[in-house]
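Written out below as structure tokens is the structure these notes cover.
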Amino acid sequence: MPQFEPFHALRYSPKVSLQDVCAQPYDVQSDADRANFASRSEYNIVNIDLPLGSDPYLSAAKQFADWQRAGIIVRDELPSFTLYRMKFADSTGKQRQTVGVIGALKIEPEKSSEVLPHEQTTPKAKTDRLELTRATKANLSPIWGLSLTSNLTTALIEPGEALGSFTDENNVQHIVERVNNKARCAVISKLISQNPVVIADGHHRYAISRTFSAEAKDLAGATSVLCYINELVDEQLSVAAIHRLYSDVEFTTLVNQLAKYFEISELQSIDASIISKMDALQHLALVSPDGTAKIMKPKSEMFNGVRNLDSAMLEHALSALDLTVAYQHGYREIIEQLATAKVTAAVLIRPVSVSEIQRTASEGLLMPPKSTFFTPKLQTGLVLRDLN
């Protein structure tokens, strides 16, 4: 079963404002986002997690070491877990509170039944994260795991030692607390060891951690990876959709192919509320570059043997076309991409339900790539982990 342990965490000094030094994950930042985070503080985490310069990885390693020598980043005296709470409004406007725990998750071999992927991954260069790990010999951002242990949330509700909180640019409140009591740490470890952990976000970082572990056998910490884990239950998860952007195909060709599998009708108007309407009315939406949209209702007889997931149905319907697909969350972001005229059209899809994620995990299935977008995103910089 999964091994999840406390460790001697690296954290920013209490003298440093977490709001100034933390940032959104590296893979959701634009160049403008990075510049904004960097402007907040010379010690912002992007300077080592998204380093710049002629030799960015050497620069990251040097700054990481310098900050530790200067006491900007300090090491916990005792092994600890970090409780991580988030308070936010989800896409429906409902106020939510979640709690998970950050620790060191043992890296398992491929095909392991202890740590499971939940979706297929797209081809992606892993060199960047691997080179950064080699240079810093550290985990700078946690992967996100989901535990199938049913009473994990209850064990995490009790507060730990308060370390700080702040509200980010998306109006999400992030709260961190330390737990270094041996008895409580043992309870958390035991609970998580009882059932498999499903990777929600960070499949590629987990994969490069496996690569690094194999080549860095002299580093004791390289056998595990920094991981945030919360319970796989509806009240602890907010799941958004990742929409599809199609290019290298004519719009008419795309529509004709989709019409074989979906009932297509005109949509009078479209705005950000379309996502919640799609979920309620059980349809997808095809959006053209001029901003007009069409309703797409699946023809059930065309999807025999296909999982009832929008991502799976689209993959099936368009398998005969030679086209390029890109992935993007958020209605506003989709409209911005369409306005560039670099894509033929977008298809807005509905979020995957938590019950479907649970079924996927329980049955050892895989969803198509980019089926889920877990929100809010975990902040980078709350906890770091030395691999030495």
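In this structure, does ASP168 turn out to be within 30 Å of ALA339 (Cβ to Cβ) and surrounded by fewer than 22 Cβ atoms within 10 Å (Cβ to Cβ)? It would help to see each step written out before you state the result.
Working: within 30 Å of ALA339 (Cβ to Cβ): yes; surrounded by fewer than 22 Cβ atoms within 10 Å (Cβ to Cβ): yes.
Here the answer is yes, as ASP168 does meet what is asked.
Are any residues in the stretch 213-239 of a type in the set (Val, Ile, Thr), in a helix (DSSP H, G or I) and either under 15 Å from LEU148 (Cα atoms) or in contact with an Asp or Glu (Cβ under 7 Å, 6 or more places away or on another chain) (or both), and if so, which ones?
Step one: of the stretch 213-239, the residues of a type in the set (Val, Ile, Thr) are 223, 225, 229, 233, 239.
Remaining after also requiring in a helix (DSSP H, G or I): 223.
The answer is none; no residue qualifies.
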Taking the stretch 34-71 as the search range and keeping residues that are crowded, with 18+ Cβ neighbours inside 10 Å, over 24 Å from the mean Cα position of the chain (by Cα) and among the small types (Gly, Ala, Ser), which one is farthest from THR127 (Cα to Cα)?
SER41
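Please report, ordered by residue number, the strands (runs of 3 or more DSSP E) entirely within the stretch 47-124 with at least 2 residues that are among the polar types (S, T, N, Q).
Values: elements: 73-75, 81-89, 95-106, 115-117.
By residue number, 95-106.
Quick one: would you say SER269 is surrounded by fewer than 19 Cβ atoms within 10 Å (Cβ to Cβ) and not in a loop (DSSP other than H, G, I, E, B)?
no
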Within the stretch 189-212, the residues that are touching a Pro at 6+ places or on another chain (Cβ under 8 Å), within 24 Å of PRO159 (Cα to Cα) and part of a helix (DSSP H, G or I) are SER189, ILE192, SER193
Working carefully through the options ALA272, ALA285, ALA280, ALA293, find the one that is out of contact with any Phe, Trp or Tyr (no Cβ under 9 Å at 6 or more places or on another chain), in contact (Cβ under 8 Å) with a residue 60 or more places away in the chain and not basic (Lys, Arg).
ALA285
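Suppose the filter is in contact with a Lys or Arg (Cβ under 9 Å, 6 or more places away or on another chain), within 29 Å of GLU315 (Cα to Cα), crowded, with 19+ Cβ neighbours inside 10 Å and in the same structural domain as VAL21 (by TED's automatic domain parsing); does ARG178 pass it? Outline the logic, then answer.
Details: in contact with a Lys or Arg (Cβ under 9 Å, 6 or more places away or on another chain): yes; within 29 Å of GLU315 (Cα to Cα): no; crowded, with 19+ Cβ neighbours inside 10 Å: yes; in the same structural domain as VAL21 (by TED's automatic domain parsing): yes.
For ARG178, the condition - in contact with a Lys or Arg (Cβ under 9 Å, 6 or more places away or on another chain), within 29 Å of GLU315 (Cα to Cα), crowded, with 19+ Cβ neighbours inside 10 Å and in the same structural domain as VAL21 (by TED's automatic domain parsing) - is not met.
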Quick one: in the stretch 212-234, which of the residues that are more than 14 Å from ALA138 (Cα to Cα) and touching a residue at least 24 places away in the same chain (Cβ under 8 Å) is surrounded by the most Cβ atoms within 10 Å (Cβ to Cβ)?
ILE229
Filtered residues of the stretch 285-338 (kept if among the charged types (D, E, K, R), closer than 22 Å to GLU250 by Cβ and at pLDDT below 90)
ASP290
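Hey, among GLY100, GLY93, which residue is modelled with pLDDT of 95 or more and in the same structural domain as SER224 (by TED's automatic domain parsing)? Steps first, please.
Numbers: GLY93 fails: modelled with pLDDT of 95 or more.
When all the criteria are applied, what remains is GLY100.
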Tell me, which residue of the stretch 362-374 that is surrounded by fewer than 20 Cβ atoms within 10 Å (Cβ to Cβ) and touching a Phe, Trp or Tyr at 6+ places or on another chain (Cβ under 9 Å) is nearest to GLY145 (Cα to Cα)?
PHE374
Please name all residue pairs, on different chains or six or more residues apart, with Cβ atoms under 7 Å, provided the first residue is in the stretch 143-157 and is outside any helix (DSSP H, G or I) and the second residue is small (Gly, Ala, Ser).
ILE143/GLY202; TRP144/ALA200; TRP144/GLY202; GLY145/ALA200; LEU146/ALA200; LEU148/ALA361
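The values are calculated or read from the model by the stated rules, or taken from the named source; none is laboratory data. Quick caveat: nothing in here was measured; it's all calculated off a predicted structure. With ideal geometry, Cβ positions are generated from the backbone for all residues, glycine too; neighbour counts draw on all protein chains shown.
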